[in-house]
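For reference, the structure discussed in these notes is given below.
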Amino acid sequence: MAFEILRGQILGDFRGNRNPRRRINAGFAQLNSGLRILGYKNGDIPIDEVRGMLLARSPEEAIIDFGEGSEIVYDPLQALVTITPRGESVPLTPQENRVLTLLTGQPYEYHHARELFLQENLELSCFYDWNRAFRVHTFYMRRKLGNNTKGDPYVRSDQDLGYGLFPGTADLNTE
Amino acid sequence: MGLEKLQHSLSLLAQARNSIEAEQEISLGISAIARGFSSGAGRELTTTEILLAIMEPGTEFTFAQGSPLLVYQPHKATLVTTTGVTHLRPVANRFFLRMAYEPECYVRKATLGQDVLGKNWLLKSHSDSVKYYIDQLRITLGDRGRKPRLIRSREYFGYGLFPDPSVMPNIGL
């Protein structure tokens, strides 16, 4: 359905232009045969499915679910953390959201604040004392998120190892 | 960019069903369509153009009560507001359509640029071109003197359409 409409629209734009029309027609024929193998009748796909594919968020915008055993669902675009055991949604400030975005890259691991700053061109670095700024933002974020069902904080810090995000009750990833 | 997104999603679908043949056919087919389009039009087919093309004729977006926007007709590129009918220019129409699909949610500047202007929009145009188009759209909508604005922008999160003025996003509370 969707690709048939799209083909009609595109070909309409190239009326009298034989070369692109031929290529486009051949392309749609090949695409339809591929879709037929996937089980779509007449090689076409519903409009809603195509729309969903086109509007899908890019990986950095996607809602992050940390997998099995996780108690947190994080939506970076809305700056919202949903803590499932408590059924609570915690809104983050933009700076807290940035810090958490950095930590989500490798959960269950510790990262040095300096390492995080060097990896990403974090706008916090414009602060004169960025280390303190980072500490303060992380402190408030930890207070907001609270502890997991075992009683350990979701965002942990270690004097030697740095900061880490622990979305579930599992311990440090030592692999 | 639109065709690339479709190719990526359909390839993932084919991989999930273990069909290498289908993946190849889809990939070749979409490449041929993209080549044919660019040879005729001299540019790529963007995501919002595909969205407009596959939309059922006569589709309308109706907004919530209390909003200065009443109805948006993407095919006619018209917006019926409380003060009258506003016509949108083609690029502004595509920007508005992209935001109207996900109201009350921010869309990143890079995503908007790619979806409306094409994959290599940053190479072809200035990095502030999205801002420019949104500013033009705001002027057309009479949004500049309005608080809160219909089109809100937020550093890092991008731009979003908030038809209901009472809605406050969670960001930055």
**Message:** Here is a check on your reading of the model: is residue B:23 more than 22 Å from residue B:96 (Cβ to Cβ) and of a type outside the set (A, V, I, L, M)?
**Reply:** yes
**Request:** Among the numbered conditions (1) within 27 Å of residue B:110 (Cβ to Cβ); (2) more than 9 Å from chain B (Cβ to nearest Cβ), tell me where residue A:46 comes up short.
**Result:** (1)
**Request:** Just one of (1) of a type in the set (Gly, Ala, Ser); (2) under 15 Å from the mean Cα position of the chain (by Cα); (3) at pLDDT 80 or above trips up residue A:58, so point out which.
**Result:** (3)
**Request:** Can you give me the ranges of the strands (runs of 3 or more DSSP E) entirely in region B:70-173 with at least 1 residues that are over 24 Å from residue B:55 (Cα atoms) and more than 14 Å from chain A (Cβ to nearest Cβ)?
**Result:** B:84-87
**Complete:** Of the listed residues (A:69, A:52), the one being more than 10 Å from chain B (Cβ to nearest Cβ), within 30 Å of residue A:98 (Cα to Cα) and surrounded by fewer than 13 Cβ atoms within 10 Å (Cβ to Cβ) is A:69
**Request:** Please find, within region A:1-31, the residue that is nearest to the other protein chains (Cβ to nearest Cβ) out of those that are in a helix (DSSP H, G or I) and within 31 Å of the chain's Cα centre (by Cα).
**Result:** A:31
**Asked** Which one of B:49, B:56 is charged (D, E, K, R), within 14 Å of chain A (Cβ to nearest Cβ) and touching a Gly at 6+ places or on another chain (Cβ under 8 Å)?
**Response** B:49
**Request:** For residues that are hydroxyl-bearing (Ser, Thr, Tyr) and closer than 24 Å to residue B:106 by Cβ, scanning just region A:85-113, find the one that is farthest from the other protein chains (Cβ to nearest Cβ).
**Result:** A:104
**Complete:** Scanning region B:75-100 for residues that are open to solvent by 50 Å² or more (accessible area, probe 1.4 Å), of a type in the set (D, E, K, R) and touching a residue at least 12 places away in the same chain (Cβ under 8 Å) gives B:89
**Request:** Filter region B:42-74 down to residues that are among the aliphatic types (A, V, I, L, M) and without any contact (Cβ under 8 Å) to a residue 40 or more places away in the chain and give me whichever is most open to solvent (accessible area, probe 1.4 Å).
**Result:** B:70
**Request:** Residue by residue through region A:32-43, note down the ones that are of a type outside the set (A, V, I, L, M) and either at negative phi or within 7 Å of chain B (Cβ to nearest Cβ) (or both).
**Result:** A:32, A:33, A:34, A:36, A:40, A:41
**Residue tally, condition surrounded by fewer than 17 Cβ atoms within 10 Å (Cβ to Cβ) and of a type in the set (A, V, I, L, M, F, W, C), over region B:101-138** = 3
**Request:** Of all residues in region B:16-39, count the ones that are under 14 Å from residue A:38 (Cα atoms), part of a helix (DSSP H, G or I) and either more than 7 Å from chain A (Cβ to nearest Cβ) or in contact with a Phe, Trp or Tyr (Cβ under 6 Å, 6 or more places away or on another chain) (or both).
**Result:** 5
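The values are calculated or read from the model by the stated rules, or taken from the named source; none is laboratory data. Quick caveat: nothing in here was measured; it's all calculated off a predicted structure. Here the Cβ is made from the backbone with ideal geometry for all residues, glycine too, and neighbour counts use every protein chain on show. Ligands, DNA and RNA are stripped out before the accessible areas are found, and what is left, the full protein with its side chains, is counted by its heavy atoms. Shrake-Rupley method; radii C 1.70, N 1.55, O 1.52, S 1.80 Å.
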